[in-house]
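Q: Below is one structure. I have some questions about it.
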Amino acid sequence: MASVLRQAARLASSRCLTQLSAASSTSRLGASSYNFSPSSRNASTSSTIKVQLDSNTGVAIMMFQNPPVNSMSLDFMTEFVIAWDKLELDKSCRGIILTSALPNVFSAGLDIMDMYGTTPEHRTAFWKALQELWLKVYGSGKIVVAAINGASPAGGCLMALSCDYRIMIDNPKYKIGINETKLGIVAPFWFKDCLENTVGYRMSEMSVQYGILYNSAEALKIGLVDQLVPEDKLISTATETMIKWFAIPDYARQISKAMVRKATMDKMLAGREADITNFVTFTNKDSIQKSLGMYMEMLKGRKAK
Ligand SMILES: CC/C=C\C/C=C\CCCC/C=C/C(=O)SCCNC(=O)CCNC(=O)[C@H](O)C(C)(C)COP(=O)(O)OP(=O)(O)OC[C@H]1O[C@@H](n2cnc3c(N)ncnc32)[C@H](O)[C@@H]1OP(=O)(O)O
């Protein structure tokens, strides 16, 4: 145990988990001091990311607004990381709720147009931005809650899986999962690892091969999400959940989180360059470009019908 703690302490001071200690003021707020008065809100907005921070409670709400479907384009991910870094540095922020400002969709996942017909240089920058975003969210010392208010396939599911807790609107029309194989592409190992860490080995084995998208009730049943709520209770439940987590002393929780996530983080950090090369090589293939093109056509054709 002593060696685990020593290792965790080293981790907390390492590059990826530097944020863990940055926010380590112990429970300043309990649920009883929760006050969400509008006057206490700070707002900061980029074109695709809207942030509201309540410095009284320490809860920030980060909303995606990249119409039509919050696809994770290079621009979106760049703005996400800038907004994220600001919150990480803000000691008054102890937790972040990720949600969508658009109706019916949390995030449609990676922007296919960034992978289809683009140069290898563009795809390198795109993949680096995705890795960066994931490392920040997954490795954060803040408490991160996903308030899933719509469809959340592939990269959208990864974003939710990187949080500490997932709350989804109870509506069968909203689907979540790692559906890449259905597009004729392969989810990288760290998408699979996040899924496996959450739903277990057998379920992820089935899930990634079939490319299953689960409705909200199915997602709850397999543990892909933690809680279902009616639409009008989503943000209040996410905020109340966050306040409950605040009762745990930050430092102890952060070190524990770092211990649990270390193996998955380390694997990515060690394989980061190879992962970029894999992605670029894979998406250079004519057959993959063809699959992506056909999928885009299918999406657009579906709308035309
Ligand atoms: C060995 C391996 C090594 C490395 C790996 C290598 C490569 C593989 C990379 C794998 C990682 C991939 C991750 C991904 O996230 S891929 C993206 C997966 N996403 C999806 O499958 C979702 C597709 N979209 C939908 O299902 C629906 O759009 C959605 C989200 C349910 C919303 O439905 P609806 O409200 O009806 O909206 P429309 O379908 O009408 O769409 C509106 C508009 O948006 C365009 N669009 C939708 N999704 C995307 C997208 N992901 N990227 C870009 N554009 C998208 C759609 O075409 C419409 O456009 P239009 O111009 O017609 O308005």
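Q: Could the peptides 98-107, 78-87 be put in order, highest first, of the mean number of other beta-carbon atoms found within 10 Å of their residues?
A: For the peptides 98-107, 78-87, the packing ranking is 98-107, 78-87.
Q: In whole Å, what is the distance between the alpha-carbon centres of region 103-150 and region 64-102?
A: Between the Cα centres of region 103-150 and region 64-102 lies a distance of 10 Å.
Q: Could you list log10 I(q)/I(0) for region 32-304 at q = 0.08 Å⁻¹, which the Debye formula gives when each Cα is one point scatterer?
A: Debye intensities relative to I(0), on a log10 scale: -0.31.
Q: Which one of Thr124, Gly58, Met298 has its Cα pushed farthest toward the positive end of the charge dipole of the chain, where Lys and Arg give +1 and Asp and Glu give -1 at the Cβ?
A: Working it through, the farthest residue towards the positive pole turns out to be Gly58.
Q: Under 23 Å Cα-Cα from Lys267, which lysines qualify once same-chain neighbours fewer than 8 residues away are excluded?
A: Within the straight-line cut-off, Lys267 pairs with Lys128, Lys136, Lys142, Lys192, Lys257.
Q: In a shell of Cβ-Cβ distance under 15 Å around Lys175, excluding Lys175 itself, what net charge do Lys and Arg (+1) and Asp and Glu (-1) give?
A: +2
Q: Which order do the peptides 250-262, 201-213 take when ranked by the mean count of other beta-carbon atoms within 10 Å per residue, highest first?
A: Sorting 250-262, 201-213 by mean packing, highest first, produces 250-262, 201-213.
Q: Please sort 270-276, 187-193 by packing, taking for each peptide the average over its residues of neighbouring beta carbons within 10 angstrom, highest first.
A: The peptides rank, most packed first, as 187-193, 270-276.
Q: Now for a separate question. Note down the relative contact order for region 32-304 as a percent, whole number, built from C-alpha pairs under 8 angstrom at least six residues apart.
A: 17
Q: In whole angstrom, note down how far apart the Cα centers of region 218-265 and region 155-195 are.
A: 16
Q: Evaluate the charge dipole of region 74-145 about its Cα centre and quote only its size in Debye, nearest 20, assuming +1 on the Cβ of each Lys and Arg and -1 on the Cβ of each Asp and Glu.
A: 340
Q: Right, something else. Given the options Thr99, Tyr201, Ile169, identify the residue whose Cα lies farthest towards the positive end of the charge dipole of the chain (+1 on Cβ of Lys, Arg; -1 on Cβ of Asp, Glu).
A: Highest projection toward the positive end goes to Tyr201.
Q: Something else now. Pull out the extension gain between Met298 and Ser47, defined as 0.36 nm times the separation in residues minus the alpha carbon to alpha carbon distance; nm, one decimal.
A: Extra length from Met298 to Ser47 when fully extended: 87.5 nm.
Q: While we're here: To the nearest 20 debye, what is the magnitude of the charge dipole of the chain about its Cα centre, counting +1 on the Cβ of each Lys and Arg and -1 on the Cβ of each Asp and Glu?
A: With only Lys, Arg, Asp and Glu charged at Cβ, the dipole is about 320 debye.
Read-outs: derived from the displayed coordinates by stated rules, not from any lab. Remember, it's a predicted structure, so these values are computed and weren't measured experimentally. A quick note on method: Cβ atoms are made from the backbone with ideal geometry, for glycine too, and the neighbour counts reach across all protein chains shown.
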